[in-house]
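K.L.:
Following this message is one structure expressed as structure tokens.
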Amino acid sequence: MSSGPQAGTASLVLHGYAVSNYFNTARAALIEKGVPFAIERVRASRDEAFLARSPMGKIPFLQTPAGCFSETVPMLEYLEELGGGPELYPADPMQRAHARQVMNIVQLYLDLPMRRLYPGTVMGSEHTPGAVDAVAAQLEITLEALRRLFVFGPFLIGDRLSYADLMALYCVDVGDRVTRHVYGWSLLERIDGLADWGRAMNARASTRLVAAEFLETFIPYLEAKRAAYRLDDGGGLFGLSSPAEANRA
């Protein structure tokens, strides 16, 4: 699947692969900004050559003419500072702060706790003792916060797409799969308007491209891990055509 210039000639090269929701967030942002880029599909590594470009040994990382750096939020900030394309932070300082607040909450209090449930859901292992109850308690607090912050106007924080939408899209997709499998309930049903927003986001060209490769990559990943979760178990945002379909998944 081509994403623009070859990695050897593109000025920006995104390194990672499509199972990572943060790789997908960064990729969607590059597409939405209209920035030419290439993709180098790699897995996380502790090899010295990899650590020289991504000090934590994680994906994604972005290769630029001035060097490499990792962590998704700095990538989004970098793209905004480069200029060009649509602005994906609000112009008003308070609204920009609001977008960053939503992004932090999604990362730290939704996605990060949910990762404690990855072993017994998508990694072919078992949950650590107490993880299921601890994560459930945190999610209740997080969902209450997001209900207060999301405005669905029609985007999460207003009438224009922002990085908050992109960050939330790829975190909520995975999160919904996990909560359905572990708890038997859907994130989409716990926040009014979230399924409608997901349907609108699915209509975007960036989502169609990024989500298609995610699903293609996720299936063999789950099989290789002998994961308890399978796509047939339902959940997730990608491919939703209506709120009713979301509730039936």
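K.L.:
Check whether at least one residue in the stretch 115-134 is polar (S, T, N, Q), touching a strand residue (DSSP E or B) at 6+ places or on another chain (Cβ under 9 Å) and in a helix (DSSP H, G or I), and report yes or no.
P.N.:
no
K.L.:
Would you pick out the residues in the stretch 54-74 that are in contact with a helix residue (DSSP H, G or I) (Cβ under 7 Å, 6 or more places away or on another chain), under 13 Å from residue 26 (Cβ atoms) and not β-branched (Val, Ile, Thr)?
P.N.:
Correct list: 60, 62.
K.L.:
Then there's this: For the stretch 1-106, give me every one of the strands (runs of 3 or more DSSP E) that falls completely inside it and has 2 or more residues that are buried (at least 18 other Cβ atoms within 10 Å of the Cβ).
P.N.:
Numbers: elements: 13-16, 38-41, 61-64, 67-70.
So the answer is 13-16, 38-41, 61-64.
K.L.:
Here are the criteria: (1) over 15 Å from the mean Cα position of the chain (by Cα); (2) surrounded by 15 or more Cβ atoms within 10 Å (Cβ to Cβ); (3) more than 19 Å from residue 150 (Cβ to Cβ). Tell me which single one residue 218 does not satisfy.
P.N.:
Residue 218 satisfies every listed condition except (1).
Coordinate-derived values only; no laboratory data. All figures in this text were calculated on a predicted structure; none of them were measured in a lab. Cβ atoms come from the backbone with ideal geometry, glycine included; neighbour counts cover every protein chain shown.
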